[in-house]
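The values are calculated or read from the model by the stated rules, or taken from the named source; none is laboratory data. Remember, predicted model here, so these are calculated numbers, not experimental data. Note that each Cβ is placed from the backbone with ideal geometry, even for glycine, and that neighbours are counted across all protein chains shown.
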Amino acid sequence: MNLHSIRPAKGATHKEKRLGRGEASGKGGTSTKGNKGGQSRAGYQRKMAHEGGQMPIQRRLPKRGFKNNNRIEYKVFNLGQIDALVEKYGIPEFSPENLYINGLISQTDSVKILGNGELKAKIGFKVNAISEKAKAAIEAAGGTIEILK
């Protein structure tokens, strides 16, 4: 057997339908597209989410809820997590830059500290937001807090 003699198995390939190539093709006239209307014309494209005239699902279902455009999404860290993170990554100061360098947040994330758990390490914080309980616990442990814009 040679590479130049390899062929597909008999019956495995078919000639493609040549539509719109005159009467001699056997598919002339309307080119198998029916008689008239948008679907028989060139450039026809069905609309997105078209359900054949049935009321589309995005119109059948009611609108629900509200999305606040001014909401600020924070990456939240509890005091209980911070001790473990400081030990694991050797973070000298708890700031968005240090968290980004260690792959804990993305570059555009805002950071908020919440007061769940205990803080044993004396560490400085540069964060976007902090709860009152967390603020009191950090100051009691001898840490410093700076709020970023």
### Query
Do we have any residue at all in the range 125-132 that's among the charged types (D, E, K, R), surrounded by fewer than 17 Cβ atoms within 10 Å (Cβ to Cβ) and either within 24 Å of the chain's Cα centre (by Cα) or modelled with pLDDT under 95 (or both)?
no
### Query
Counting only residues that are closer than 18 Å to E146 by Cα and within 24 Å of the chain's Cα centre (by Cα), which one in the range 85-107 is surrounded by the fewest Cβ atoms within 10 Å (Cβ to Cβ)?
E97
### Query
Looking only at the range 108-124, which residues are touching a Ser or Thr at 6+ places or on another chain (Cβ under 6 Å) and crowded, with 16+ Cβ neighbours inside 10 Å?
L114, G115
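Here is a yes/no grid of residues against (1) among the hydroxyl-bearing types (S, T, Y); (2) in contact with a strand residue (DSSP E or B) (Cβ under 6 Å, 6 or more places away or on another chain); (3) in contact (Cβ under 8 Å) with a residue 12 or more places away in the chain:
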site: V76; (1), (2), (3): no, yes, yes
site: A84; (1), (2), (3): no, no, no
site: S95; (1), (2), (3): yes, yes, yes
site: N98; (1), (2), (3): no, no, no
site: N102; (1), (2), (3): no, no, yes
site: I105; (1), (2), (3): no, yes, yes
site: D109; (1), (2), (3): no, yes, yes
site: E118; (1), (2), (3): no, no, yes
site: F125; (1), (2), (3): no, yes, yes
### Query
Quick one: I123 ticks every box in (1) touching a Pro at 6+ places or on another chain (Cβ under 9 Å); (2) within 30 Å of L19 (Cβ to Cβ) bar one, so which box is it?
(2)
### Summary
The helices (runs of 4 or more DSSP H) lying wholly within the range 1-105 that contain at least 2 residues that are within 30 Å of A134 (Cβ to Cβ) are 79-89, 96-101
### Message
Just to be sure before I move on: is S40 surrounded by 10 or more Cβ atoms within 10 Å (Cβ to Cβ) and without any contact (Cβ under 8 Å) to a residue 24 or more places away in the chain in the structure I sent?
### Response
yes
### Query
Would the range 72-84 turn up any residue that is exposed (fewer than 10 other Cβ atoms within 10 Å of the Cβ) and out of contact with any helix residue (DSSP H, G or I) (no Cβ under 9 Å at 6 or more places or on another chain)?
yes
